[in-house]
Amino acid sequence: MTQISLTVDGTQVTDDVEPRMLLVQYLREKLGKTGTVIGCDTSNCGACTVHLDGRSVKSCNVLAVQADGHEVTTIEGLATDGELHPVQEAFRECHGLQCGFCTPGMIMQTVDLLAENPHPTEAEVRLGLEGNLCRCTGYHNIVKSVLYAAEHAGETQGEKAGAR
Amino acid sequence: MTATTEAPAATAPAPEIGRDRRRKEDQRLITGRTRWTDNITLPGMVHMAMVRSPFAHAEIARIETSAAASAPNVIGVFTGADFGDELGVCINAWPLTPEQVTPNHSPMPADRVSFAGEIVAVVVARTAAEARDAAELVDVEYVELPAALDLKEAAEDTVLAHPDAGTNKSALWVFDSAESGTGGNVEEAIEKARTDGIVIEREYRQQRLIPAFMEPRSVVVDPTGEQLTMWSATQIPHILRFALAATTGVPESKIRVIAPDVGGGFGGKLQATPEEWITWAVARRVNKPVKYTETRSESLLSAHHGRDQWQKLTLGATQDGTVTGFKVDLLADLGAYVAIVGGGVPVLGAFMFNAIYKFPAYRFSCQTVLTNKAWTDAYRGAGRPEATYAVERMMDELAAEVGVDPLEIREKNWIKHEEFPFTTVAGLTYDSGNYEAATAKAKEMFGYDALRAEQKKRRDAGDPVQLGIGISTFTEMCGLAPSRVLGSLDYGAGGWEHASVRMLATGKVEVVTGASPHGQGHETAFSQIVADRLGVPFEDVEILHGDTQVSHKGLDTYGSRSLTVGGEALVRAADKVIERAKPIAAHLLEANVDDVEFSAGTFSVKGTDQGKTIQDVALATFAAHDYPEGIEPNIDAESTYDPVNFSFPHGTHLCAMEVDTETGRTTMRKYVACDDVGTIINPLIVSGQVHGGLVQGIAQALWEEAVYDDSGTLVSGSFVDYLLPTAADTISFDIDHTTSPSTTNSLGTKGVGEAGTIASTPAVVNAIVDAVRHLGVSDITMPCTPERVWKAINTSSSTGGPTEGAAMPHFDADESGTSSTEGAGA
């Protein structure tokens, strides 16, 4: 067992973990952060995507011990003060999800993608999401959601009202 | 004088049906507040890991479990022999014929394994990791048996998948229009066409696919309460409960099945699985809550696959392209067992090979065949994609033979809009449709003529990148299904759906449905229907589902049935609420019940400004201080709706593919879908269903295939090898709709869940073939990989050839002396 201390969704946590424990297992099994899910065992699907120090990682590809001393943000920590993150809002607005299983990963990847490239083209969005699989939406509305989030970045909730 | 009347009506909500409501489901899903089965943790819960056979066919000589049993924190290790009949069996609910050969399907056989991935032992431990570690220590000695793998060879009984069955041929199911009196004699029609018309003969391969829902299957069983509770990532909680009771001896009244949040299914979670049955048995044995969650690799290996057919097709026509007969001979691969619907899947297509056309003679036969591969069952479309592919490919071949535009040949043969209702050669009565309208709109959206002109220009110029246009004018039967029809087909259940509507004292509405959503958006669409029907706010309607203690009756979600069947049950239950409330409203209004009418949520007295909202009536009924003599103080109601017919969505899909003739690479340039799904409840949800369906169908055409090697190992057994499309592989689509409402349900809905998948596969392949037909290509086997396309163009193989066992070679077989592990450290 190895002791790790990290910040997850703004909360300081300390645990003893097996060195082989994956970050995604740590989040789900130790912290009950079940918003982050496991969709495959070959790091292809991206459903487990979280942010490590602000950059997206597949949390099945990171050991919990590697997160020691770092800051992790999951889908559960994205909304602040009850206000949805603009990317969350965009996915709902554009029907960018159906069963919702890939959605936490898609949203976390999108946030990172837009941080790197705030005004992507459709082709750039599609390439940027290549590591995240979805079986329901055919990606059409996911791509639309990302472009919508980019277009409406910086707007307040009030400015977007009336959309629903 | 009426200007001030009906004040309550002024606050009635605007119509909900047709409105693009954002989904109620999403708030939880986008913030990670989810209830996937794998999220469930119960006090004292233990975990399971499976030991699976690496061999396709083998006798189990010995299983040594002692090392695993003594591993850290292991609670127990069990084999099939430890349980016997207590395990129950996996059921086949649709025996095609009385003579069907149906091998006994134990969830964990003790004597012989029949496919690679079959479970032979299970380890129970305090954590999932410890269970998996210990599973590695279970030592199983197998005696390998020859395996029946290739479908055509298996049909010849050269090697038996189940030696004691004596044959691999499970059932032969035939429909003949001459014998059933729905049409002419197809043999005569084809013979005549051989003499003075056109005969097209083709054989198409429907490759094996994997549903690959994003949420791996998971099951939790809690045996500690008075009722045994199973949570499962399933599409069919109600059917599961019935099957558990029927096969494990636990009374149905002692079983509660819950489908919590379910992450996709596409037919893949329409199953009673070995994993569920083993978890059930283990939980009862260890008397603790038990969880099993499969890995993705286990899912690809052992969750049921889809499609896998050979289609032998003969189409007769006159010289001008009027079809005179269509004969279909199928070989369908069941895999190792006859699954819950199993052989019924190709039969669901039996009524659809004639599609939208007025074929005068038709014959369908399907031979189902057992092999030593993973079992097959429903995958999005289930039988209808196969049928649509076959007929839409054949119509293109006929057009090429006649030398006319493929749209022209379709128009010559399709049912005209004024001919509805139309009884087809397969004996179904299509209630409504307008193929002309959908096609006209699709052509306009597509820019059909301009793309044809560009195609010609590129062809004339000898452009290395050729353009092809693919057409699919599809229909499907959905809304499964009239119970009597299912009975006549020997299906083991009915096709009704149940709903109940409960008016709460505070005016909120609880709706219970027997449909079981897993991503479609039932909560939103059903709320819209009930809000309109009862005249209550959308937000005030709560849809409850997926828990057999809440939703006690239901037949779950598959076959695009939730809206057409389940939605109609909702409508009828809501209407009964209004009828029950009416005498109470009349009583409160001191009016004769015949003078009371209901509109937009308010009961009012004709010709007056007197009114009571349905919420007022609900509260008064709850208080029950003042209601008529002789009735119960209750306005809740339920309905069990048995559909009178299937529904028949249709549409015209047009696809433009660019094919690089030098490399075989294909690129989708444009895809247009104009679907007629009847009345649309929520256009946002409908468009989402179409988009997702399209990509699954396109993926069959271009990418996906479950491939076994010659020893029966699934070589596409992970997401590295099974090619699920990504955002970077796909394009944005142009979709729209025409509307001819169904005449067999109140709302006029037709179902949309499977439409995109059914329509798109032939549209894509037709486009690719169209791009290179002038180079001598008349077919390319799916998936149309660049290699196949290149081979079809450049070699004598006109179809690009079969998929080799090593579709994704993991090492170079030519380098002798090199194995997959040697040299790793070099």
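Coordinate-derived values only; no laboratory data. None of the values given here were measured: they were computed from a predicted structure. Please note: Cβ atoms are built from the backbone with ideal geometry, for glycine as well, and neighbour counts cover all protein chains shown.
Listed by Cβ neighbour count within 10 Å, with the fewest neighbours leading, A:ILE75, B:ILE255, B:ILE469 appear as B:ILE255, B:ILE469, A:ILE75. Stokes-Einstein diffusion for the protein assembly as shown at 20 °C, viscosity 1.002 mPa s, with a Kirkwood radius from C-alpha pairs, works out to 72 µm²/s. Stretching the chain fully between B:ASP139 and B:ASN73 yields a gain of 21.9 nm (0.36 nm per residue, less the alpha carbon separation). For the range B:81-148, GluC sites (Glu not before Pro) meeting the loop criterion (DSSP other than H, G, I, E, B) and having at most 16 other Cβ atoms within 10 Å: B:GLU99, B:GLU136. Hey, quick one: spin label on B:ARG458, modelled 7 Å out along Cα-Cβ, who in the range B:751-789 has an amide N within reach, i.e. under 13 Å? Once the point is set 7 Å along Cα→Cβ of B:ARG458, B:767-774 turn out to lie under 13 Å by backbone N, inside the range B:751-789.
For the range A:2-19 versus the range B:192-223, the spacing of their alpha-carbon centroids is 48 Å. Out of the GluC sites (Glu not before Pro) in the range B:182-231, which ones are loop residues according to DSSP with at most 15 other C-beta atoms within 10 Å? Answer in residue order: B:GLU226.
Listed by chain and number, the lysines whose alpha-carbon sits under 20 Å from that of B:LYS24, ignoring those within fewer than 8 places in the same chain, are A:LYS144, A:LYS160, B:LYS508. Simple spin-label estimate for A:THR14 and B:LYS312 gives 7.5 nm between the two label positions (7 Å along the Cα-to-Cβ direction from each Cα). As a rough footprinting exposure proxy, the listed residues B:VAL695, A:VAL57, B:VAL720 were ranked by other beta carbons within 10 Å of their own, and the order from fewest upward is B:VAL720, A:VAL57, B:VAL695. With neighbours defined as other Cβ atoms within 10 Å of a residue's Cβ, the residues A:HIS140, A:HIS119, A:HIS95 order from fewest to most as A:HIS119, A:HIS140, A:HIS95.
One chain, two ends: B:LYS606 and B:GLU252. Fully extended at 0.36 nm per residue, the span grows by 122.5 nm beyond their Cα-Cα distance.
Of the residues B:GLY197, B:THR224, B:GLY166, the one whose Cα sits farthest toward the positive end of the charge dipole of the range B:148-283, with +1 on the Cβ of Lys and Arg and -1 on the Cβ of Asp and Glu, is B:THR224.
Can you grab the distance from the C-alpha centre of the range B:515-588 to the C-alpha centre of the range B:46-89, Å, no decimals? The range B:515-588 and the range B:46-89 have Cα centres separated by 44 Å.
Name the shape class, rounded, prolate or oblate, that the alpha-carbon gyration tensor gives for chain B, where a ≥ b ≥ c are the square roots of its eigenvalues, rounded holds for a/c under 1.5, and otherwise prolate holds if a/b is larger than b/c and oblate otherwise. Note, shape of chain B comes out oblate. In chain B, the DSSP-assigned H stretches of four residues or longer account for a calculated mean residue ellipticity at 222 nm of -8500 deg cm²/dmol, using -39500 (n - 2.57) per stretch and the full residue count as denominator. Counting Cβ atoms of other protein chains within 10 Å of each Cβ in B:502-514 and taking the mean gives 0. Placing pseudo-labels 7 Å out from each Cα toward the beta carbon at A:GLU130 and B:ASP20 gives an inter-label distance of 3.1 nm.
Which percent, to the nearest 5, of DSSP beta bridges fully inside chain B are antiparallel? The antiparallel fraction comes to roughly 80 percent.
Across chain B, Cα pairs under 8 Å and at least six residues apart give a relative contact order of 15 percent.
Where both bridge residues fall in the protein assembly as shown, DSSP classifies roughly 80% of the beta bridges as antiparallel. One Cα centroid belongs to the range B:119-165, the other to the range A:84-151; the line between them spans 40 Å. Segment B:ARG132..B:ALA624, full-extension length gain: 171.2 nm, with 0.36 nm per residue of separation and the alpha-carbon distance subtracted. Sequence-distant contacts, meaning Cα pairs under 8 Å at least 6 residues apart, place the relative contact order of chain A at 23 percent. Taking only the alpha carbons of the range B:474-629, we obtain Rg and Dmax values of 17.8, 58 Å in that order. With 26 Å as the limit on Cα-Cα distance, the pairs of B:LYS327/B:LYS416; B:LYS327/B:LYS670; B:LYS269/B:LYS416; B:LYS152/B:LYS358; B:LYS358/B:LYS457; B:LYS358/B:LYS791 that go past it are B:LYS327/B:LYS670; B:LYS269/B:LYS416; B:LYS152/B:LYS358; B:LYS358/B:LYS457; B:LYS358/B:LYS791.
If all Cα-Cα distances of the range B:352-429 are sorted into 10 Å bins from 0 onward, what percent lands in each bin, rounded to whole numbers? Pairs per bin, as whole percents: 15, 40, 30, 12, 3. Taken along the Cα-to-beta-carbon direction at a fixed 7 Å, the label points for B:GLN319 and A:LYS30 span 8.2 nm. Which of the lysines could a cross-linker span from B:LYS582 if the Cα-Cα distance has to be under 17 Å and same-chain partners fewer than 8 positions apart are dropped? Output for B:LYS582: B:LYS606, B:LYS612. Given a Förster distance of 56 angstrom, what is the FRET efficiency for B:GLN549 paired with B:GLU156, based on the Cβ-Cβ distance and rounded to 0.05? Between B:GLN549 and B:GLU156 the formula returns 0.65.
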